[in-house]
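Notes follow once the structure below has been shown.
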């Protein structure tokens with residue numbers, strides 16, 4: 001029982017490790033223990049260069065028409081005032097909610113300097129946060 005618990009907790013302990021880890025290979029019977037090996041931390045990808053632009057992927061699913069491609073003003077005419085309106089860099093996130101669901105709409109510019117338009121939609125239940133059908137949520141929240 002305690003071995004199973006230890007094996008279960010091992011990944012959790014690994015997540016708490018410092019950035020630089022020391023790995024000690026196990027000692028074999030009859031051989032002295034090997035010296036620790038320092039493992040350097042991984043390096044995150046560098047941020048995009050200033051002035052560079054990467055066009056977003058546009059979600060193409062049935063039932064999201066009228067939302068995908070719309071700008072923030074058009075979306076607020078369809079769904080009312082956004083519960084959440086966040087702008088960070090070139091992304092604009094609008095969140096609409098009702099009794100049935102929460103709808104997150106992400107707007108990105110399709111080319112440099114363009115007005116951000118909806119390119120991705122996510123929907124979840126209000127009660128427990130589980131994913132729901134995007135088209136059904138759009139229909140439920142649309143005025």
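Fewest neighbouring Cβ atoms within 10 Å first, the residues 57, 142 line up as 57, 142. Model label points for residue 110 and residue 58, set 7 angstrom from Cα along the Cα-to-Cβ axis, are 0.3 nm apart.
On the principal axes of its alpha-carbon atoms, the range 72-141 has extents of 38, 22, 19 Å, going from largest to smallest. Here 86, 102 are placed in order of increasing Cβ neighbour count within 10 Å, fewest first, which gives 86, 102.
Every read-out reported here was derived from the displayed coordinates using simple, explicitly stated rules and does not represent laboratory data. In this text the structure is predicted, and so the values were computed from the model without any measurement. FYI the Cβ positions are ideal-geometry reconstructions off the backbone, even for glycines, and counts take in every protein chain you see.
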